[in-house]
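Reading through the structure tokens given below for one structure.
The values are calculated or read from the model by the stated rules, or taken from the named source; none is laboratory data. As the structure is a prediction and not an experimental result, all values here were calculated from the model. Here Cβ is always computed from backbone atoms with ideal geometry, including for glycine, and neighbour counts include all displayed protein chains. Each accessible area value is taken on the protein alone, full model and side chains, heavy atoms only, with ligands, DNA and RNA left out. Shrake-Rupley method; radii C 1.70, N 1.55, O 1.52, S 1.80 Å.
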Amino acid sequence: MNPIMASAPALFTIRSVDYRAISPVLIILAVALVSVFVEAFVGRSARRPVQLVLVFGAFLATFIDLITLHATRLVTAAGSVAVDGPALVMQGAIILLAALAAMLMAERMVDPSGDPFAARASSLPGSVDEAEFSARGYFQTEVWPLLLFSVAGMMLFVSANDLLLMFVALEVMSLPIYLMAGMARRRRLLSQEASLKYFLLGAFASAFFLYGMALTFGFAGSVNLGSIADAVSAKPSQSGLLLLAVAMLSIGLLFKVAAVPFHQWTPDAYQGAPTAVTALMATTVKIAAFGALMRVLYVAFGGIRWDWTPMLWIVAILTMVVGSVIAVTQSDIKRMLAYSSVAQAGFILVGVIAVSGKGLASVLFYVIAYGFATIGAFAVVSVVRDASGEATHLSKWAGLGKKSPVTGAVLSLLMLSFAGIPLTSGFIGKFAVFSAAIANGATWLVIVAVIASVVSAFFYARVIVLMFFSEPTEATASVVVPSAFTTIVIAAGATVTVVVGIAPQPLLDLVNNAGLFLR
Amino acid sequence: MNAAVQAGNVGETLVFWICAFFSVLGALGLIVSRKAVHSALWMALVMINLAILFVANSAPFLGMAQIVVYTGAVMMLFLFVLMMVGVDSSDSLIETIKGQRVAGILLGIGMGLLLVFGLGSALTNSTSVGLDAANGVDKGNVQGIAHLIFTDYLIPFEVTSALLITAALGAMVLAHRERWIPRLTQMQLSRARFAGSGHPGNLPNPGIYARHNAVDTPALLPDGSTTDLSIPGPLVARGGIRPVDHAEVDEVAAITDGGQS
């Protein structure tokens with residue numbers, strides 16, 4: 001594996017790295033470093049505008065870079081980074097959704113006290129310090145470099161062709177999100193609890209991933225996905241080592257996609273984190289996690305798919321059923337969206353189980369459509385407020401549609417998309433995923449999925465009924481007029497949902513032309 | 001280990017069983033001890049034994065790094081933090097979910113059995129390979145690791161720096177206390193003390209009463225009234241002044257009188 005130079009002066013051959021192909025990640029990382037320096041050297045009042053220019057500039061530059069790279073299909077850096085169709089599509093989606101989440105993070109009009117983040121995350125909740133910092137209009141601009149690092153981690157996570165790089169990228173992606181989840185300006189104790197819970201359970205899941213990586217190395221003698229695939233096909237006899245390794249790696253990745261029974265962190269983390277960060281967690285992290293899960297299962301362990309598909313069947317069924325049924329009982333809209341995201345992860349897993357090019361394309365389509373609808377939904381949640389901040393309890397949403405018809409209509413549209421009603425992107429996504437699964441013989445699974453989506457339609461419809469078919473009371477929250485930032489996010493979410501629902505072909509072409517994972 | 005057994009290397013086998021016993025013992029102690037300090041010390045035991053096993057398996061660099069970095073630096077830092085939090089703090093044993101502990105123990109044992117038997121059956125009769133390839137080519141452990149870091153694992157190694165920067169930034173965000181007003185200089189402080197209605201001398205000590213003499217009790221002035229000057233500013237701001245009831249003083253006097261007569 002290691003070509004060692006025999007000649008005396010050169011101790012080792014330097015592996016060639018195609019910097020052009022990995023430039024999207026490098027841009028984000030470089031701007032993240034600049035952003036850290038801005039925190040250190042730029043005056044307090046100038047920091048926010050400078051950071052916003054840097055962040056959105058970086059996203060724009062990276063997106064343009066990804067477009068110019070769209071035809072690139074290669075594996076570089078000693079086989080550790082794969083720049084292939086699915087990776088590029090997912091990186092593009094991550095950049096777009098992260099830019100929308102960044103707009104929610106930059107919103108300062110909806111909360112009368114300003115920023116969505118705590119004035120100082122280090123001040124104790126309820127202390128004199130906290131009150132003084134808030135009154136003096138302090139806010140924390142460190143979230144911007146953290147956001148950039150997290151996005152860089154996600155982009156590497158979907159194109160890592162090496163378990164070691166995948167693990168490092170997983171941590172680079174997660175650590176800033178654990179931090180940002182604990183920095184809400186309001187209900188800070190809830191936010192800190194969410195952060196700690198997510199961090200501890202995330203560390204636990206990372207340990208499983210690491211153990212799985214060690215066992216894989218024991219089996220294959222390499223952590224490179226391509227070499228693992230070779231070892232798997234070279235030793236066809238069932239090995240307990242390999243099965244344990246696949247199980248452990250899957251646990252680590254299924255935690256990140258919030259599949260049952262590894263979903264316990266989801267409701268608390270989604271509810272406690274600032275809504276902008278929840279939007280980031282629910283969209284980009286989910287895309288990145290599904291990208292990595294599919295790459296590991298398809299590329300490295302595609303040869304033993306008959307061993308791991310039964311396990312995924314059970315996880316997918318549990319995820320769909322538990323997510324849908326528990327969502328019905330929720331009375332808080334953020335918790336309901338959290339369980340809804342669990343249920344949606346189950347539907348996406350149905351596409352993963354197809355183990356085919358069609359399945360991969362359908363999952364890409366689904367996560368992108370779901371990502372835009374979700375970020376729109378969380379943007380709507382962030383503008384529905386009362387005196388205590390965001391009015392997340394569903395009782396305060398009664399009659400909201402009559403009070404603010406546009407907001408009510410947009411949220412209804414997004415809910416219909418989650419439920420998979422025709423003419424929305426959610427319908428096309430479900431159709432693509434289910435037909436890919438049926439083509440691969442998973443008919444029974446699709447039947448369970450359809451039943452689960454009927455159950456899930458119930459709680460999505462309940463929100464619509466609550467908003468439009470009950471009279472507003474004095475407890476009904478009101479819709480705050482946001483700045484252009486949140487308006488853009490809500491508009492983007494609604495537009496993508498409708499346009500992709502009516503004319504899905506361009507996006508279908510994009511995901512179908514992405515092709516397969518390279519190795 | 002199997003290679004060692006096949007080679008008839010009794011010493012290595014002995015080392016393995018001794019270290020395996022102590023590291024499993026340490027791991028069990030880590031999870032069953034109630035005090036965090038005990039857990040930390042058990043953890044150190046686990047790590048030292050693992051380090052010995054690494055060295056015995058021809059990975060001296062990893063073994064030394066384990067001792068210096070983990071046992072030496074990380075665990076001791078952890079102990080320092082525990083000292084600051086309070087050595088006597090121990091876990092609460094109240095179950096928030098009924099039956100949680102029993103379920104946890106059963107699942108843990110199940111997981112342990114799965115791993116022991118799964119790995120045991122997979123690794124029995126297998127031969128170790130690759131040790132010579134890993135250590136032989138570069139004539140040593142350190143060289144071998146350096147080689148891999150700068151060739152095959154260049155990108156992961158570089159990206160780790162992003163992780164470290166994030167960690168440092170996160171530590172700053174969560175722990176760095178800023179002041180909302182600039183720190184006063186010595187000159188300003190002494191001016192403030194002597195000018196106007198300042199209090200030039202030492203502020204009074206906390207009030208000392210029969211039942212309490214904590215910092216939140218206001219001092220008793222010679223004329224029998226109380227002053228809040230003895231109470232630290234943050235306590236005053238939080239409204240943490242313990243009111244002094246003169247009836248209480250009288251009551252104490254009455255009790256003492258009763259005892260004497």
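In this structure, does B:F150 turn out to be aromatic (F, W, Y), more than 8 Å from every other protein chain (Cβ to nearest Cβ) and open to solvent by 60 Å² or more (accessible area, probe 1.4 Å)? No; evaluated as a whole, the condition is false for this residue.
When B:L106, B:L114 are screened for being modelled with pLDDT of 85 or more, assigned to a helix (DSSP H, G or I) and within 9 Å of chain A (Cβ to nearest Cβ), only B:L114 passes. When region A:18-77 is filtered for residues that are modelled with pLDDT under 90, assigned to a helix (DSSP H, G or I) and more than 13 Å from chain B (Cβ to nearest Cβ), only A:S45 remains.
Restricting attention to region A:160-182 and to residues that are farther than 19 Å from A:T76 by Cα and within 7 Å of another protein chain (Cβ to nearest Cβ), the residue that is surrounded by the fewest Cβ atoms within 10 Å (Cβ to Cβ) turns out to be A:E171.
A quick yes/no check of all residues on (1) within 22 Å of A:T392 (Cβ to Cβ); (2) touching a helix residue (DSSP H, G or I) at 6+ places or on another chain (Cβ under 7 Å):
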{"position": "A:I428", "(1), (2)": "no, yes"}
{"position": "A:A436", "(1), (2)": "no, yes"}
{"position": "A:I451", "(1), (2)": "no, no"}
{"position": "A:M467", "(1), (2)": "yes, yes"}
{"position": "A:T476", "(1), (2)": "yes, yes"}
{"position": "A:A484", "(1), (2)": "no, no"}
{"position": "A:V499", "(1), (2)": "no, no"}
{"position": "A:I502", "(1), (2)": "no, no"}
{"position": "A:P506", "(1), (2)": "no, no"}
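Give just the number: which of (1) open to solvent by less than 10 Å² (accessible area, probe 1.4 Å); (2) more than 29 Å from A:M155 (Cα to Cα); (3) over 21 Å from the mean Cα position of the chain (by Cα) does A:S324 not satisfy? For A:S324, the exception is condition (3). Only a single item in (1) without any contact (Cβ under 8 Å) to a residue 40 or more places away in the chain; (2) assigned to a loop (DSSP other than H, G, I, E, B); (3) open to solvent by less than 40 Å² (accessible area, probe 1.4 Å) is not met by A:T476, and it is number (1). A:T407 falls short on exactly one of the conditions (1) open to solvent by less than 10 Å² (accessible area, probe 1.4 Å); (2) over 17 Å from the mean Cα position of the chain (by Cα); (3) of a type in the set (S, T, N, Q), and that condition is (1). Within region A:262-320, the set of residues being open to solvent by 20 Å² or more (accessible area, probe 1.4 Å) and aromatic (F, W, Y) comprises A:F262, A:Y298, A:W306, A:W313.
Within region A:189-210, being in contact (Cβ under 8 Å) with a residue 60 or more places away in the chain and away from chain B (no Cβ under 12 Å) holds for A:L189, A:L190, A:S191, A:E193, A:A194, A:K197, A:Y198, A:L201, A:G202. The sole residue among B:L45, B:L53, B:L30 that is open to solvent by less than 60 Å² (accessible area, probe 1.4 Å), modelled with pLDDT of 90 or more and within 19 Å of B:G108 (Cβ to Cβ) is B:L30.
Does B:V129 meet the test of being within 10 Å of another protein chain (Cβ to nearest Cβ) and not in a helix (DSSP H, G or I)? Answer is yes for this residue. Does A:F199 satisfy the condition of being open to solvent by 10 Å² or more (accessible area, probe 1.4 Å) and either farther than 18 Å from A:A160 by Cβ or part of a helix (DSSP H, G or I) (or both)? Considered against the rule, which asks whether it is open to solvent by 10 Å² or more (accessible area, probe 1.4 Å) and either farther than 18 Å from A:A160 by Cβ or part of a helix (DSSP H, G or I) (or both), A:F199 comes out as yes.
Across region B:164-198, the number of residues qualifying as open to solvent by 40 Å² or more (accessible area, probe 1.4 Å), among the hydrophobic types (A, V, I, L, M, F, W, C) and closer than 30 Å to A:A181 by Cα comes to 10. Just one residue in the set A:V89, A:V110 is part of a loop (DSSP other than H, G, I, E, B), away from chain B (no Cβ under 12 Å), more than 18 Å from B:T166 (Cβ to Cβ) and of a type in the set (V, I, T); that residue is A:V110.
For region A:124-141, the set of residues classified as outside any helix (DSSP H, G or I) and either among the hydrophobic types (A, V, I, L, M, F, W, C) or surrounded by 24 or more Cβ atoms within 10 Å (Cβ to Cβ) (or both) consists of A:L124, A:F139, listed by residue number.
Yes/no per residue for (1) surrounded by fewer than 21 Cβ atoms within 10 Å (Cβ to Cβ); (2) more than 10 Å from chain B (Cβ to nearest Cβ); (3) of a type in the set (D, E, K, R); (4) touching a helix residue (DSSP H, G or I) at 6+ places or on another chain (Cβ under 9 Å):
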position: A:S122; (1), (2), (3), (4): yes, no, no, yes
position: A:F149; (1), (2), (3), (4): no, no, no, yes
position: A:A184; (1), (2), (3), (4): no, yes, no, yes
position: A:R187; (1), (2), (3), (4): yes, yes, yes, yes
position: A:G212; (1), (2), (3), (4): no, yes, no, yes
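Scanning region B:143-153 finds one or more residues that are touching a strand residue (DSSP E or B) at 6+ places or on another chain (Cβ under 9 Å), modelled with pLDDT of 80 or more and not assigned by TED's automatic domain parsing to the domain that holds B:V32. Figure legend. Inter-residue proximity from region B:145-156: first residues in a loop (DSSP other than H, G, I, E, B), second residues among the hydroxyl-bearing types (S, T, Y) and open to solvent by 20 Å² or more (accessible area, probe 1.4 Å), beta-carbon distance below 8 Å, spacing 6+ or different chains. Indicated pairs: B:T151/A:T13. Among the residues that make up region A:241-254, is at least one of them outside any helix (DSSP H, G or I) and under 29 Å from B:G112 (Cα atoms)? No, region A:241-254 contains no residue that is outside any helix (DSSP H, G or I) and under 29 Å from B:G112 (Cα atoms). Residue check: B:I155 meets all listed conditions (1) open to solvent by 40 Å² or more (accessible area, probe 1.4 Å); (2) touching a Ser or Thr at 6+ places or on another chain (Cβ under 7 Å) but one, namely (1). Note on region A:214-240: among residues that are under 15 Å from A:D162 (Cα atoms) and outside any helix (DSSP H, G or I), the one that is most open to solvent (accessible area, probe 1.4 Å) is A:G221. When A:S470 is tested against (1) open to solvent by less than 50 Å² (accessible area, probe 1.4 Å); (2) in a helix (DSSP H, G or I), exactly one condition is not met: (2). For the condition closer than 30 Å to B:I255 by Cα, among the small types (G, A, S) and open to solvent by less than 60 Å² (accessible area, probe 1.4 Å), B:G201 does not qualify.
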